[in-house]
Every structure is written in structure tokens, then in C-alpha cells.
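S.K.: What follows is a single structure, and I will ask about it in a moment.
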Amino acid sequence: MTPRPLRLNVNGTAEEIPDVPGPERLLDTLRWRLKLKGTKEGCRTGDCGACTVLVDGRSCLSCLTLAHEVDGSTVTTIEVGAEEVLVARVRAAFDTAGALQCGYCTPGFVMAVAGLLGERGTAAPREELLEGLGGNLCRCTGYAAIVRAVDLLRTEVP
Amino acid sequence: MTAAARPDAGVKLAGTAVFGTDLDVPGMLWAAFVPAPIAHGRIRSLDLRAARALPGVTVLGPDDLGRFFGPAERDQERSLFALGEVIYRNQPLAVVAAPSALEARAAVDAVKVEIDPLPIIADLETVFPDWPGSDADASPQVAAHVHARHGNVDDEFRGADRVVSETYRTASVHQVALEPHACVAEIRGDVWYVRTSTQSPFGVREDTASLLGIPESSIVVDGTWVGGGFGGKGSSFLEPYALILARATGRPVRFALGYREEFRLGRTTLPAVVRMETAVKDGRIRARRVRLLLDVGTSLPGRDFATGYSIGFLLGPYRTESFEVEGYAVRTNKPPFGPHRAPFAPQCAFVVESHLDHVAREMNLDGEEFRASHLWREGESTLLGQTIGPFGIAAAFERARATARAWRAEAAPGHGVGVGCGFWSTSTGAGGEVRLRLGPQRLVVLEGEREIGSGSVLAGLAAVASRVTGLPRDRVVIEYGNTAVAPYDSGVYGSRTLGALGRAIEEAAVALRRTVAERLGARGQAELSVERGEIYAEAGERRAALTLLLTPEEHDAGGLVADGRHYAPSRLIDDSRVLSGTFYPYTDFTGAAHVAEVVVDPETGAVRVVRYAAFHDAGTVVDAGAAQAQVEGGVAMGLGAALTEEAIWSDDGRLVNAGLLDYRIPTLGEIPPISVEFIEGFAGAGPFGAKGLGEPPIVPVPATVAIATRAACGAHVTELPLSAERVARALKLL
């Protein structure tokens, strides 16, 4: 459990973080060491999805992931720039559809949608995509506008 | 009016919006409560020495407050810590600050406390197994007693064709804003400064001043982006603790709750029991008796607003000749009651609608026709004697019935369709002030509320400012200011923002346009427009660029300034009908009727909502996109309260399901398609006749689902939520 260095590629930047304790969660590494506060802390028990990020392109609950488990990986968070084309497209769809209110679940939702589309593609059955978002909670929108954003993405040319 | 893109989408989608949990000040300490391990007991000893001996740790308990604050000025009724007696589980005994969350946790664990247990009252029905008697007012368990009567109730009941009596029970529900409470406090010279995620910066300032016994003028409260409020962030909570820790340590202090603590300590709607009795003669409601026992946890006597405010929602929206209503706020060993989106109104609507539908069935009458024929109309008065203004509930109900007829005609076997309605009152009465600054290129609206997500500030107020000045939306800037900078505002609650601050903006805009007209040598109000990026004014025969009409001093200040305020008069209740306690007037009536189609699993009793339609009287809709989004979100939240959401308290006062896995809010796949329609033509007290829309959408939902469920399978469920278990019991499957 001795703190040891951690290597991550975060949003295109190689990070070498010294002295990360063994039990530290990826969520806390991102938020408190790298100061990437866009990834939100909700329940810390894997129930709300607010902390969702992409690890090597796949969506991941950063509150249930030890930072050292993903040592050497590529991590993508909501702060990533427009060069990450899929995330940029999801952001644009959320904007067009008005798929946010308070905004607290939004970063996790955007990353979850990006992860899902990256994995299954926009041609995947609608029901499959919507089921894949069952782990992200939103209290404001009733999900209606979020579903409209997903539908926009499905009708776009991939 | 048309929809506009959300102005806050950019920062929220880039991850740069700073919420309360994101606050990060160099050198800050992390705070935590020392929670009471039992729900009721006498504190024999509280030993903080071992915790204080830990490196970098500061612990403050009840004995330390005198070091910083004059006890004479502090709020004597409420205290930050348990004093001598613990009255609810997890009540703060002390508070710690440490260099990290882990060290704060270790310090909490190092506190030694000995408590002699006292009997725990966890269930309000154990306090009054029968209805409270005449000696109940003297009981320490009674925080409030309200009683009102009108007409000859007893005679009407004696002369009735039929009397229907029922008892309903409703569960405790939590707001579940995804962002837990969080703030960072700092002492800057002689200023107590706190940044916090709150619905009411001025409310936090007032409350903190009263709790700590320091003047409001020495406290500055600065709101962050708010990750959902729903009533849970309406008053001070962590801020006073963070401030005293900052004062004691000389360091900034971060205080954020973990989500389990958010459940356990959050101020929520607690369980209630409602007894409904209705006397019917010749197919008309002649008299009603309504009795309410509302669990208010450890709310203090005199501090319970819920009973006197909420009970009015059991009296409407239906006409009757006479009535009697009586309610008790019952104290139990739970945290104090707190408001949850339209506090207790969805529960009231569930009881009223289910009961009147049942009454109609008992009389072999059509439930919808029976209710529709008794609905309040404009110009009538409520049972407490308030005159009802423009009110579109009957029109909404008719639209809902037409939809229900169409859905019934095409519904699959086993499906049920139901109509439910409910009303709300927009609280425009509380104080609201704004400052407008009209510069050569833009109009700034300075105000003291943070956007909490509903869109009422950034979409609603921007739309109002645009419409009253004639300037396009992109020329209007909503500028939030902290409590040292912004004009006073009482906060985001009661669906009041659009009505109260909107009217204040209207008043200030009229003053601005008059001043501009005077400078053009004309009377009346100048017309404003934009040309090549510059604001132009026109009045009488003259037209000029605004920049030419400003004095050098106004140029320095950024433009011409005008203030606006709005304190709406309340339509008062008839005090001659009140026998005991305080009832609160409603200021602006908004109504809605909903339709649900459900299917019930015949083996498990699980209810699934297949489709949903909502018809709302929101007066004049000022931003169509934001309005639709409010209804969709409110309906979804209501579906949770209808079907799955229930905070379960054990006999020893413990919240059993303090987490999002066990306290089930709806997930994406569980929300049916929701259609939304606005019923226009019933002007409210807000700008252009707008009515607030934050709370009304949740009100009719549990009622609508319950009526649809009965239509689908015959189950008459008299408890919320309509869990599979309760439906199965009603169907005698269990």
C-alpha cells in the first residue's frame, strides 16, 4: 500500500503523478491531483454514473476504479477538447436537444453516451443504446431531452 | 414565445462550471460531523481529547461556541450541536476539520461518547394511535396544530345520502439532488465568507447570522452552480459549521456531505396519515372532513410551516358546501422536516383524487365526471375564503379527459388509463429585487439567485428582460452577484423566481425606458432596438444611439441604472374560519391535469407506465423550451414518488435505505414518452401573466398513476408509493 507513481494519458497529456496511495480512486486522482473537476462526485458507490469517464475508450465509473488499476491507460474526461470527435459530437447533440438542466449528471452522461456509441456505433438498435444508459441518473430532465440527444446522434451520418 | 438554447449549456458541457463540491482553495481543511450513534438519549459524556490529539485536527463541540460568539445573541431554540440530549440519529455532536478526508474520518472515529438511551419515537402512529384528543396541544410531540371549519359540517354529514371514509398513508421522500450539500468557508479579515451550493444565498446569510449570533452584515454568501435543489438546499445547513471551523483554524474549510449522509441528514418530506370523510347528497359533495397527521421529525414548535401550508392542498381543488380540517405536526426522532419540490402537495393530490374517485365508484358515478363537475372555477373562493384568480384547471382536466378517451379506445387488454389533477400556488409574495444596467451595447440584469437548473433565471428572467425592453435575447446578460453585491432576494423556492423577479425586472425596465424617453425630450417609454451592435432609443420624433444619451458618469458605471422590486399582495384567507393555528394564503393558482396509461403485472403487482400526457395552466409561457423541460422533469420525479421512492425508517430511527441503490429514483428506461401541452388564457400574477412552473408538474403524478392503476387491475391502493408489494396486497396476491 505504499504510495507509488502513476502514469496516465489524460485528454492527450501524459501525466506522471508521484506518490499515489494504493486505495486512491481514479475519481479523486482526477479531481484533486489533476484538478479536473469536470468529472463529478455523486454517490461514490457506483449507483449514479456522475463520475463516468472513458478509460481506453470504454466507459468506466471512476469512483469504483482504483487509480493504479488503470496505470498506463488513456483516460478521457469531459474537459477533453474538440479533437476528440465523438465527445464533441455528443456535446453538440446535448446542446441542440437541451439535454441538461442543473448540469451535475451531464459530464457523466456525455462520457457514457460517447463510450456507448464508440463501442456499439450509431447504427446500434435504439433500445440497446437506451438500456446502456440505465446506470446514469438524472433528476432534472426526466431523461426526455437526453433521449432526444441520443436520437439526434443516431440519425447523424456516422 | 419561442424556445432559446440554454445559455448555461456551454460551461456545463465543457466541465468548467464550478459546483459546491468542486470548490478547491489552497490550504483548505476537510470537515466532517461527529454523528450521534442513536436516535434518542441523554449524553453522559463527550470526550474529544483523543481526536484533538491527532496531528492537524481541530474539533469543535457544544462547549466551544462560547469561545467565538456571544451566547446571548445566538438562536436559543436551535443549536448547532446536540445539547445534553440527542433527538435524532446522526445529529451532530461535534464537528472536525483535518488536512484530508481520511484524517477527518479518523478524528471522528477517535471521539468517545457515552449516551444513556431514551425511548425512541420513530413512527408518528405510535404517538397518536387514535386521533389526538383535546389535551394533544400540551404534548411535547405536537409542533403545530391547525384547525378550520366552515358551514354546518355535522348537519351535512347527518343529512347525507352517503358518507365515505378512508385512511391514506404517504411515505417519506428525499429530494435526491445529485450534488450533495457542499461549501467552502474562509474568514477574510472581519468578513465571514462562504461559497456554497444553495437555492438561497440571502436565506443562508440570515440563517447563519441567527445561528451564530453575528450580524448579517459581516457574512458574505456566494452561490456556486447548484447540482439540483428541489427544496433541499433552501436554507443553511453546513455553512455555519464550516464558518466556525474556518474561524477556529484560520484556514479555509471545505464541508461536503457524502451521499449516505445526504440521505441520513437531509431535510426531507416525512410520512403522513390522512383521514378523509366525504358526505354526498344527490350526487353532489356536501361536506368534507379532512384530518392530517404529518411527521415533522425534530422540527421545533413554531418552526413548522408544512402543516398549515400543505393542508390547504387537501381542501382543493373541489367545491363543497362545508368542511372541517384539522392537522397536527407530530414530532418524532428523525431529522427536521424539509421541503421537497411542492412540499407535500403531490401526496395531498394523491389522497384527494384517489378518495374522490373512490367516492364516485361507491355512488356508481363516473369518477372523472364527478370530479370535473366539482372543480374550482375562477371567481369562486377556497374553503379558507380566498378568492380564486384566473385558474385553468377545469380546462386542463377537459383536455386530459379527451386524451384519456382516445387512449382507452386503443388500449391493450390489461392496460388502464387514468386522469388526475392537482394545484399549486406560486409564491410571488416573498421579496424580490433586481438592478438593471442599460449600456451602449447590452442590458445587464444584476440579481442574487443562482440558476439551479430549472432555467427560471437564465432562460426565464432573460426572456422577460428581453421582452420588456424590446432588446434581443443575446443583448441581455444575467449577472449573478453574491449577498454583498446583489439586491436582496429571498431565493429559489415556491416556483417564485419568474413571477417575483420577473415583475421586478418589468418595473425597472419601465423606469429605464421612461428616463431614456425624457433624455430624448419625450414622454412615455422609449423604444429600444439594436443596429450594427449598438443600442438605439426612439421616443416622440427623435431617435439616437443610446451611447449619446448617457452622461460621462453613466459611461464609467457601464450604463443607466434602475432598480425594481416586487412584493405581491397575498389574497388573504378568511380568519373567521380558522379555529386554531396558522394557515398560509396562496398567491397565484396554477393547475394541471395529467393522463397515464399503465399496465400491471398480474403476478407481481408491478406497475409500468406506458405513456403519459400533461396539461398545464402556466399562464403565459415565456420560454417554451424551458417550460416543456420543467414538465418532463417534474413528471419523472413524480413517477418516482408514485412507484418506487420511499425513505424507510426503522423502529430505532435509522434510515434503512440511505443510498441510491435502495432508494430507487427512476432510471432512463423507466420513463415513458411524456407529451406536454400548455393551456393558455388564464393569466397569472407574473410578468405578461406568467405563472411559476418549477413545482406544479410533480403535483398530479402519484394521483394519476394511482387512478390508472385502479383502472388497469382494480387495485385500490391507499398508500404511497404504489410499490409492487402494495399493489399485490391490494389484489390479494400476498
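The values are calculated or read from the model by the stated rules, or taken from the named source; none is laboratory data. Quick caveat, the model's predicted, so the values are computed rather than measured. Positions of Cβ are generated from backbone atoms using ideal geometry, with glycine treated the same way; all protein chains shown enter the neighbour counts.
Yes/no matrix, rows are residues, columns are (1) more than 10 Å from chain A (Cβ to nearest Cβ); (2) in a loop (DSSP other than H, G, I, E, B):
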{"residue": "B:GLY638", "(1), (2)": "no, no"}
{"residue": "B:GLY653", "(1), (2)": "yes, yes"}
{"residue": "B:ALA658", "(1), (2)": "yes, yes"}
{"residue": "B:PRO666", "(1), (2)": "no, yes"}
{"residue": "B:LEU693", "(1), (2)": "yes, yes"}
{"residue": "B:HIS716", "(1), (2)": "yes, yes"}
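S.K.: Would it be correct to say that B:ALA136 is closer than 19 Å to B:ALA329 by Cβ, in contact (Cβ under 8 Å) with a residue 24 or more places away in the chain and buried (at least 21 other Cβ atoms within 10 Å of the Cβ)?
M.R.: No, not satisfied.
S.K.: Which residue is farthest from B:ASP662 (Cα to Cα), if the candidates are limited to the stretch A:117-136 and must be in contact with a Leu (Cβ under 9 Å, 6 or more places away or on another chain) and away from chain B (no Cβ under 12 Å)?
M.R.: Filtering the stretch A:117-136 for residues that are in contact with a Leu (Cβ under 9 Å, 6 or more places away or on another chain) and away from chain B (no Cβ under 12 Å), the one farthest from B:ASP662 (Cα to Cα) comes out as A:THR122.
S.K.: Hey, another quick one. Considering only the stretch B:140-189, how many residues are within 29 Å of the chain's Cα centre (by Cα) and part of a loop (DSSP other than H, G, I, E, B)?
M.R.: Residues meeting the conditions: 11.
S.K.: Next up: Only one of B:VAL108, B:VAL95 is modelled with pLDDT of 90 or more, within 30 Å of the chain's Cα centre (by Cα) and not in a loop (DSSP other than H, G, I, E, B). Can you tell me which?
M.R.: It is B:VAL95.
S.K.: Tell me which residues, restricted to the stretch A:28-52, are aliphatic (A, V, I, L, M) and within 11 Å of another protein chain (Cβ to nearest Cβ).
M.R.: A:LEU30, A:LEU36, A:ALA50 - these are the residues of the stretch A:28-52 that are aliphatic (A, V, I, L, M) and within 11 Å of another protein chain (Cβ to nearest Cβ).
S.K.: Another question, if that's okay. For the stretch B:668-687, which residues satisfy the criterion of being more than 8 Å from every other protein chain (Cβ to nearest Cβ) and among the hydrophobic types (A, V, I, L, M, F, W, C)?
M.R.: Matches in the stretch B:668-687: B:VAL676, B:PHE678, B:ILE679, B:PHE682, B:ALA683, B:ALA685.
S.K.: Before we move on, is A:VAL55 more than 10 Å from chain B (Cβ to nearest Cβ), buried (at least 24 other Cβ atoms within 10 Å of the Cβ) and not small (Gly, Ala, Ser)?
M.R.: Here the answer is no, as A:VAL55 does not meet what is asked.
S.K.: Further, regarding this structure: Can you give me the number of residues within the stretch B:451-480 that are more than 14 Å from chain A (Cβ to nearest Cβ) and of a type outside the set (A, V, I, L, M)?
M.R.: The number of residues fulfilling the criteria is 10.
S.K.: Would you mind telling me which numbered condition in (1) within 14 Å of chain A (Cβ to nearest Cβ); (2) in contact (Cβ under 8 Å) with a residue 40 or more places away in the chain B:GLY10 fails?
M.R.: It fails just one condition, (2).
S.K.: Follow-up question, since we're still on this one. From the list B:ASP295, B:ASP304, exactly one residue is modelled with pLDDT under 90 and either within 21 Å of B:GLN199 (Cα to Cα) or in a strand (DSSP E or B) (or both). Which is it?
M.R.: Selected residue: B:ASP304, the only one of B:ASP295, B:ASP304 that is modelled with pLDDT under 90 and either within 21 Å of B:GLN199 (Cα to Cα) or in a strand (DSSP E or B) (or both).
S.K.: Still on this model: Quick check, is B:PRO132 in contact with a Phe, Trp or Tyr (Cβ under 9 Å, 6 or more places away or on another chain), part of a loop (DSSP other than H, G, I, E, B) and farther than 17 Å from B:GLY297 by Cβ?
M.R.: yes
S.K.: Filtering the stretch B:238-270 down to residues that are part of a loop (DSSP other than H, G, I, E, B) and at pLDDT below 95, which residue is surrounded by the most Cβ atoms within 10 Å (Cβ to Cβ)?
M.R.: This residue is B:LEU270.
S.K.: Is at least one residue of the stretch B:401-418 assigned to a helix (DSSP H, G or I) and acidic (Asp, Glu)?
M.R.: yes
S.K.: Separate question: Taking the stretch B:619-636 as the search range and keeping residues that are aliphatic (A, V, I, L, M) and closer than 17 Å to B:GLY422 by Cβ, which one is nearest to the other protein chains (Cβ to nearest Cβ)?
M.R.: Restricting to residues being aliphatic (A, V, I, L, M) and closer than 17 Å to B:GLY422 by Cβ, the top hit is B:ALA636.
S.K.: Which numbered condition in (1) facing another protein chain (nearest Cβ under 9 Å); (2) within 21 Å of B:LYS12 (Cβ to Cβ); (3) of a type outside the set (Val, Ile, Thr); (4) in a loop (DSSP other than H, G, I, E, B) is the only one that A:ASP95 fails?
M.R.: (4)
S.K.: Then there is this: Going by what's in this entry, would B:ALA647 be described as over 24 Å from B:LEU733 (Cβ atoms), surrounded by fewer than 18 Cβ atoms within 10 Å (Cβ to Cβ) and either at pLDDT 95 or above or more than 9 Å from every other protein chain (Cβ to nearest Cβ) (or both)?
M.R.: Spelling it out, it is not the case that B:ALA647 is over 24 Å from B:LEU733 (Cβ atoms), surrounded by fewer than 18 Cβ atoms within 10 Å (Cβ to Cβ) and either at pLDDT 95 or above or more than 9 Å from every other protein chain (Cβ to nearest Cβ) (or both).
S.K.: Tell me yes or no: at least one residue of the stretch A:55-66 is farther than 20 Å from A:VAL10 by Cβ, at pLDDT 95 or above and out of contact with any His (no Cβ under 6 Å at 6 or more places or on another chain).
M.R.: Checked against the condition, which is being farther than 20 Å from A:VAL10 by Cβ, at pLDDT 95 or above and out of contact with any His (no Cβ under 6 Å at 6 or more places or on another chain), the stretch A:55-66 yields no hits at all.
S.K.: Return yes when A:THR29 is in contact with a Pro (Cβ under 9 Å, 6 or more places away or on another chain), of a type in the set (Ser, Thr, Tyr) and buried (at least 21 other Cβ atoms within 10 Å of the Cβ) and no when it is not.
M.R.: No: the conditions fail for A:THR29.
S.K.: A further question follows. Could you list, in sequence order, all residues of the stretch B:396-410 that are aliphatic (A, V, I, L, M) and over 26 Å from the mean Cα position of the chain (by Cα)?
M.R.: Those that are aliphatic (A, V, I, L, M) and over 26 Å from the mean Cα position of the chain (by Cα): B:ALA402, B:ALA404, B:ALA406, B:ALA409.
S.K.: Here's another thing I want to ask about it. Check whether at least one residue in the stretch A:58-66 is facing another protein chain (nearest Cβ under 10 Å), of a type in the set (S, T, N, Q) and surrounded by fewer than 24 Cβ atoms within 10 Å (Cβ to Cβ), and report yes or no.
M.R.: So far as the stretch A:58-66 goes, no, none of its residues is facing another protein chain (nearest Cβ under 10 Å), of a type in the set (S, T, N, Q) and surrounded by fewer than 24 Cβ atoms within 10 Å (Cβ to Cβ).
S.K.: Could you go through the stretch B:587-605 and let me know if any residue there is farther than 30 Å from A:ALA97 by Cα and within 14 Å of another protein chain (Cβ to nearest Cβ).
M.R.: no
S.K.: Taking A:ALA145, is it within 14 Å of another protein chain (Cβ to nearest Cβ), in contact with a helix residue (DSSP H, G or I) (Cβ under 6 Å, 6 or more places away or on another chain) and touching a residue at least 60 places away in the same chain (Cβ under 8 Å)?
M.R.: no
S.K.: Another question, then. Just to confirm my filter: which helices (runs of 4 or more DSSP H) fall fully inside the stretch B:460-563 and include at least 3 residues that are assigned by TED's automatic domain parsing to the domain that holds B:LYS233, more than 30 Å from B:GLY228 (Cα to Cα) and out of contact with any strand residue (DSSP E or B) (no Cβ under 8 Å at 6 or more places or on another chain)?
M.R.: Result: empty, no element qualifies.
S.K.: Only one of (1) touching a residue at least 60 places away in the same chain (Cβ under 8 Å); (2) surrounded by fewer than 19 Cβ atoms within 10 Å (Cβ to Cβ) fails for A:ILE17. Which number is that?
M.R.: (1)
S.K.: Follow-up. Within the stretch B:361-400, which residues are part of a strand (DSSP E or B) and either surrounded by 14 or more Cβ atoms within 10 Å (Cβ to Cβ) or touching a helix residue (DSSP H, G or I) at 6+ places or on another chain (Cβ under 8 Å) (or both)?
M.R.: Within the stretch B:361-400, B:LEU375, B:SER381 meet the criteria.
S.K.: Here is a follow-up. Please go through (1) of a type outside the set (Gly, Ala, Ser); (2) over 27 Å from B:GLY327 (Cα atoms); (3) away from chain A (no Cβ under 14 Å); (4) touching a residue at least 60 places away in the same chain (Cβ under 8 Å) for B:VAL163 and return the number of the only condition it doesn't satisfy.
M.R.: Every listed condition holds for B:VAL163 apart from (2).
S.K.: Shifting gears a bit: Among the residues of the stretch B:13-27 satisfying the criterion of being over 21 Å from A:ALA99 (Cβ atoms) and more than 26 Å from the chain's Cα centre (by Cα), which is nearest to the other protein chains (Cβ to nearest Cβ)?
M.R.: Restricting to residues being over 21 Å from A:ALA99 (Cβ atoms) and more than 26 Å from the chain's Cα centre (by Cα), the top hit is B:ASP24.
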